[in-house]
Amino acid sequence: MKSRLLSVAALMIVALLAVVPGFAQDAPPTIAEIVVASTQADPAEFTVLLAAVQAADPAVLELLSNPEASLTVFAPTDAAFVAALEALGLTAEALLAQPELVTAILMYHVVPGVFNAEAIVALDGAILGTRLFETALAISVVDGSVMVNDATVVAADVAASNGVVHVIDTVLVPDLEMVMGMMDPMMATEEPMMMEMPGNIAEVVIGAAGAEAPEFTILLAAVQAADPAILATLTGAGYYTVFAPTDAAFAAALEALGTTAEALLADTETLTTILAYHVVPGHFAAETVIAVASAEGGVNIATALAGTTVNVSVVDGAVMVNDATVVATDIHASNGIIHVIDSVLLPG
């Protein structure tokens, strides 16, 4: 049965990509265009998903249509939405009439960054942050099937110009009591009352490096020397949580590695790998980090370095990220949040 589902899903994807002229021959469509094209295929798919996107905050469609975005979307089938509505005791009309609820549910299906099937499988037993504040998805591999919470991936790696789509057989529903009322400031339909928004993560780092008591100077130099994709991530839509090493942490790491700052900055590939390992998809404030890390053994959280995780735990009241200690928290940015650590994280 599982094999048949995969075959049907694969045929559906081929069909939907053929609906819009030029998709197969030219650059891949955006995620939004894939969803729209699928509703015109025979048989049609993602019709409820499209209706949900249209009913949600306009920023959702803007995000999925943004060719500069970098996203992973877990897309529920129409059958998945029918089952979810029945379980929630709602009609499609009742759900679509609640744009804030629809927006929260949709953003729970969106992950900042591109994670193909291979990277998702490598996250077995870990959590993966989403575009919805303070939430994550549990990834597991059960009897050869890839599970996202309780949903099964039935088709994977639908390439888009702004990311990748994986098709799932169940709608992912966040803790609605927790997320309702937690408004994403970038998705507010009205301008906040003269509220000054912080700069993006890169701008916050630049500001700290230029402060009277400068910090993050080596981190800034590293970002500037790394692959431009790192800077694009730190200035992009996000949301991301960054564990930012202090200058002292970098100095200690250079000594331990037996290298100099100049040598490290000249090694673009290594530098890019190290920096990506400090970036976690999703917005996780200190309160959330402590809550999820307090379980025995902590929790493994996916990083922007595809297929890798950091272990976040609480040891004697201190929050640890691998062997690094969090020494300052909740430095806000427009596209995420920064926590300061006293050691550089090195992927294994």
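The values are calculated or read from the model by the stated rules, or taken from the named source; none is laboratory data. Bear in mind that the values here come from a model prediction, so they are computed numbers and not experimental data. Glycine also receives a Cβ, built like all others from the backbone with ideal geometry; neighbour counts cover every protein chain displayed.
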query = Here are 285, 302, 318: which of them is surrounded by fewer than 16 Cβ atoms within 10 Å (Cβ to Cβ) and either in contact with a helix residue (DSSP H, G or I) (Cβ under 6 Å, 6 or more places away or on another chain) or among the aliphatic types (A, V, I, L, M) (or both)?
reply = 318
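Kindly provide the set of residues from the stretch 119-148 that are without any contact (Cβ under 8 Å) to a residue 24 or more places away in the chain and surrounded by 18 or more Cβ atoms within 10 Å (Cβ to Cβ), ordered by number.
Our first condition is that a residue be without any contact (Cβ under 8 Å) to a residue 24 or more places away in the chain; within the stretch 119-148, this holds for 124, 138, 140-144, 147.
Selection gives 147 alone.
For (1) aromatic (Phe, Trp, Tyr); (2) at pLDDT 95 or above; (3) over 30 Å from residue 228 (Cβ atoms), each residue gets a yes or a no:
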site: 30; (1), (2), (3): no, yes, no
site: 38; (1), (2), (3): no, yes, yes
site: 41; (1), (2), (3): no, no, yes
site: 47; (1), (2), (3): no, yes, yes
site: 50; (1), (2), (3): no, yes, yes
site: 54; (1), (2), (3): no, yes, yes
site: 72; (1), (2), (3): no, yes, no
site: 101; (1), (2), (3): no, no, yes
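Just for the stretch 306-315: of the residues that are of a type outside the set (Ser, Thr, Tyr) and buried (at least 20 other Cβ atoms within 10 Å of the Cβ), which one is farthest from residue 289 (Cα to Cα)?
Taking the stretch 306-315 as the starting set, the residues that turn out to be of a type outside the set (Ser, Thr, Tyr) are 306-307, 310-312, 314-315.
Add one more test, that the residue is buried (at least 20 other Cβ atoms within 10 Å of the Cβ), and what stays is 310, 312.
Details: 310: 12, 312: 8 Å.
The selected residue is 310.
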key: Qualifying residues in the stretch 224-255 (those that are in contact with a Leu (Cβ under 9 Å, 6 or more places away or on another chain) and farther than 21 Å from residue 330 by Cβ) - the one surrounded by the most Cβ atoms within 10 Å (Cβ to Cβ)   = 230
